[in-house]
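Working notes, structure below.
Nothing in this text is a laboratory measurement; each read-out follows from the coordinates by a stated rule. This structure is a prediction, so every number in the text was calculated from the model and none was measured. Cβ placement follows ideal geometry from the backbone for every residue including glycine, while neighbour counts extend to all protein chains displayed.
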Amino acid sequence: MRPKCHIETYGCQMNENDSEILLAYLEELGYESAASPAEADVVLLNTCCVRESAEDRVYGKLGELKLLKRERPGLVIGIAGCMTQQPGVGEAIARRYPYVNLVMGTHNLQRFPELFMRAREAESTLVDVAEEPEEMPAFPRGVRPGGVTAWVTILRGCDKRCTYCIVPYVRGREMSRPLPEIRAEVEALVGEGVREVTLLGQNVNAYGKDLAEGLSFATLVEELDKVEGLERIRYTTSHPRDFTQEMVEAIARSRKVCEHFHVPVQSGSPQMLKRMARGYTLDRFVDLVARIRRAVPAAALTTDLIVGFPGETEEDFERTLELCRELRFDKSFTFMYSPSRGTPAASFPGQVSLAVKKERLARLSEVTDALSLESNRRQLGRTVEVLVEGVSKKNGARLMGRTRQSQPVVFPGASDLAGQLRPVRIERVNTWTLEGDAV
Ligand code: SAM
Ligand code: SF4
């Protein structure tokens with residue numbers, strides 16, 4: 001029997017893709033995947049530090065793992081990801097949780113097999129949190145069993161300096177993956193049955209800037225549009241500042257790129273945008289949305305919003321509510337501002353109390369949820385194209401898939417339809433999902 005490994009992922013899709021890469025390395029070393037830490041010989045936590053709550057969950061998990069390690073001293077525990085890349089955190093974990101075998105960061109992912117082998121044999125915690133590499137390392141293709149959809153990282157790091165955000169500190173500067181490598185990965189995935197890829201980066205619109213003159217996200221999209229057998233291309237996240245008209249048009253022209261634009265605005269207050277150093281004005285954002293809707297009339301528009309940023313007044317907050325009502329986002333991801341150590345905003349004056357943040361989040365969610373429901377209601381009676389991803393987790397008799405606009409759809413059908421595009425007539429909707437029948 002092969003030894004087993006279990007990886008827990010916190011945070012964003014980039015981390016999910018990194019966990020798939022870690023699993024690929026572990027499979028090369030002879031491990032197979034286990035459903036829970038209790039069944040595993042190796043447990044890895046791939047961490048996030050964007051919000052405090054994510055870090056708290058990791059520390060909670062480390063407490064639980066201590067008990068497992070007491071029962072089974074041979075258990076190997078490793079921590080990777082953004083949390084440990086912060087100054088001093090790796091060493092602090094080694095001190096407070098000496099039963100952890102390996103602490104590594106985001107910049108040495110490509111050295112995982114070597115670090116893991118060393119840590120497995122070592123007497124004490126191996127802490128290796130590297131400086132960022134000179135160039136983008138080549139990674140094995142991530143393991144994502146039997147999927148219809150897959151992540152493909154196109155860019156690592158971020159060159160922006162939004163004042164609230166820890167990402168540039170823990171993920172380093174922007175580094176694009178060479179286009180031929182991306183194309184080869186997409187082609188290989190398609191060969192294995194993948195029909196939809198999501199291109200990943202903190203700021204996909206910056207793709208190619210560091211590689212060659214004239215190479216951009218627009219040219220990448222045009223290239224991938226030619227991959228035969230690939231049905232859909234998605235991407236996340238795009239930064240409104242770098243979203244050029246050329247890119248909007250390339251997306252509009254492409255057959256495969258889905259009609260879904262995730263453009264995080266963060267706030268509807270011009271003052272807050274300035275203090276967040278987002279690099280666009282409210283007018284420019286509103287103009288981008290208008291350009292997107294002109295070029296791609298069927299576009300779904302989603303966004304990220306932060307409430308309670310330092311200095312946010314009731315009036316500033318109300319501007320966010322107004323913006324949502326004006327632009328009618330199809331879906332919004334809403335966050336309470338969480339101070340990240342070492343970022344400028346953490347020491348800005350005018351920190352907002354937790355009670356006010358909670359109250360604003362509740363009011364904002366009420367508005368954005370109502371808009372999502374309204375957006376879904378517009379689909380009632382329509383026939384939409386669904387890419388079937390598999391059996392619904394909640395109801396084994398139903399299938400789950402997504403529209404091109406990325407709305408989840410459930411409908412009755414047989415599991416062998418996974419991977420196929422099906423027309424589905426929408427009969428019922430709620431805030432988060434559409435329900436219908438195959439046509
Ligand atoms: N690169 C993407 C962009 O610029 O839109 C987003 C990456 S970030 C990991 C995802 C979302 O988390 C952000 O859009 C923002 O809304 C939220 N976020 C980031 N830092 C935050 C913080 N300190 N407190 C609350 N929300 C935060
Ligand atoms: Fe963070 Fe801003 Fe970079 Fe997004 S663009 S990862 S919010 S610094």
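Once you have a ≥ b ≥ c as the square roots of the Cα gyration tensor eigenvalues for segment 111-186, tell me rounded if a/c is under 1.5, and otherwise prolate or oblate according to whether a/b is larger than b/c. Display every interim value, and only then the final one.
On the way: a/c = 1.95, a/b = 1.15, b/c = 1.70.
Oblate, since a/c reaches 1.5 and b/c is not below a/b.
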Counting as exposed only GluC sites (Glu not before Pro) in DSSP loop states with no more than 12 other Cβ atoms inside 10 Å, the longest exposed-site-free span of the chain is 229-439
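When the helix-only estimate is applied to the chain (DSSP H runs of n ≥ 4, each -39,500 (n - 2.57), divided by the residue count), what is the mean residue ellipticity at 222 nm, nearest 500 deg cm²/dmol?
-10500 deg cm²/dmol
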Pick from GLY229, GLY172, GLY401: which is most flexible by mean-square fluctuation in a GNM of the chain where alpha carbon atoms under 10 Å apart are linked?
GLY229
Could you line up CYS82, CYS258 from fewest to most neighbouring Cβ atoms inside 10 Å?
CYS258, CYS82
Taking a cut-off of 29 Å between Cα atoms, list the lysines near LYS274, but don't count ones fewer than 8 places away on the same chain.
LYS160, LYS209, LYS331, LYS357, LYS358
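State the extension gain, in nm to one decimal, for the chain segment bounded by SER53 and GLU135, taking 0.36 nm per residue of separation less the distance between their alpha-carbons.
On the way: separation 82, 0.36 × 82 = 29.52 nm, distance 3.20 nm.
Extending this stretch completely gives an extra 26.3 nm.
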What is the distance in Å between the Cα centres of segment 325-363 and segment 68-104?
31 Å
What aspartates and glutamates sit close enough to LYS256 to cross-link, taking a C-alpha to C-alpha distance under 18 Å and skipping anything fewer than 8 places away on the same chain?
GLU185, GLU187, GLU196, GLU222, GLU223, ASP225, GLU228, GLU231, GLU246, GLU385, GLU389
Towards the positive end of the charge dipole of segment 386-439, with charges on Cβ (+1 Lys, Arg; -1 Asp, Glu), say which of PRO412, ASN430, ASN395 has the farthest Cα.
ASN430
Quick one: dipole size for segment 251-381, taken about the Cα centre, charges +1 on Lys/Arg Cβ and -1 on Asp/Glu Cβ, in debye to the nearest 20.
640 debye
Just subtract the alpha-carbon distance of GLN420 and GLU27 from 0.36 nm times their residue separation and send over the number in nm, one decimal.
138.6 nm
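Which net charge results when you count Lys and Arg as +1 and Asp and Glu as -1 among the other residues whose beta-carbon is under 10 Å from that of CYS82? Don't jump to the answer; show the numbers that get you there.
Numbers: positive: ARG171; negative: ASP18, GLU55.
Local net charge: -1.
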Given unit charges at Cβ for Lys, Arg (+) and Asp, Glu (-), the dipole magnitude of segment 314-356 about its Cα centre in debye, nearest 20, is 280 debye
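With charges only on Cβ, +1 for K and R and -1 for D and E, what is the dipole size of the chain about its Cα centre, in debye, rounded to 20? Numbers along the way, then the final one.
Working: 59 positive and 62 negative charges, 192 e Å.
Roughly 920 debye for the chain.
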Which shape class applies to segment 140-182: rounded if a/c is under 1.5, otherwise prolate when a/b exceeds b/c and oblate if not, where a ≥ b ≥ c are the square roots of the Cα gyration tensor eigenvalues?
prolate
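Counting other beta carbons within 10 Å of each Cβ, put ILE21, ILE426 in order, fewest first. Intermediate values should be presented prior to the final figure.
Numbers: ILE21 20, ILE426 23.
So the residues, fewest neighbours to most, are ILE21, ILE426.
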With the charge dipole of segment 275-413 built from beta-carbon charges (+1 for Lys and Arg, -1 for Asp and Glu) about the Cα centre, the Cα from THR383, THR320, LEU288 projecting farthest to the positive end belongs to THR383
At R0 = 45 Å, FRET efficiency that the Cβ-Cβ distance of ARG120 and ARG328 yields, to 0.05:
0.25
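Applying 1/(1 + (r/R0)^6) with R0 = 22 Å to the Cβ-Cβ distance of PHE348 and GLU314, what FRET efficiency is obtained, to the nearest 0.05? Don't jump to the answer; show the numbers that get you there.
On the way: r = 18 Å, r/R0 = 0.81.
Approximately 0.80, to the nearest 0.05.
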Of ALA298, LEU179, MET83, farthest towards positive along the dipole that unit charges on Lys, Arg, Asp, Glu beta carbons give the chain
ALA298
In the neighborhood of ARG51, defined by Cβ-to-Cβ distances under 15 Å, what is the net charge if each Lys or Arg adds +1 and each Asp or Glu adds -1?
0
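What number, in percent, do you get for the relative contact order of segment 256-409 if the mean sequence gap of Cα pairs under 8 Å and at least 6 apart is divided by its residue count? Spell out each step's value before the answer.
Numbers: 206 pairs, mean separation 35.4, N = 154.
The normalised contact order for segment 256-409 reaches 23 percent.
Are there trypsin sites (Lys or Arg not before Pro) in segment 202-301 that DSSP marks as loop and that have at most 12 other Cβ atoms within 10 Å, and which are they?
Values: sites: LYS209, LYS226, ARG232, ARG234, ARG241, ARG253, ARG255, LYS256, LYS274, ARG275, ARG278, ARG284, ARG291, ARG293, ARG294; in loops: LYS209, LYS226, ARG255, LYS256, ARG278.
Hits after loop and neighbour filter: LYS226, ARG255.
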Taking each full run of DSSP H in the chain as one helix, which ones are at least 15 Å long along their axis (Cα atoms) and have mean Kyte-Doolittle hydropathy of at least -0.5?
179-191, 282-295, 354-377
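Under 1.5 on a/c is rounded, so check that first for segment 239-347, then, if it is not, pick prolate when a/b is larger than b/c and oblate when it is not; a ≥ b ≥ c are the square roots of the alpha carbon gyration tensor eigenvalues. Mind dumping the intermediate values first?
Values: a/c = 2.21, a/b = 1.87, b/c = 1.18.
Judged from the Cα gyration tensor, segment 239-347 comes out prolate (a/c at least 1.5, a/b above b/c).
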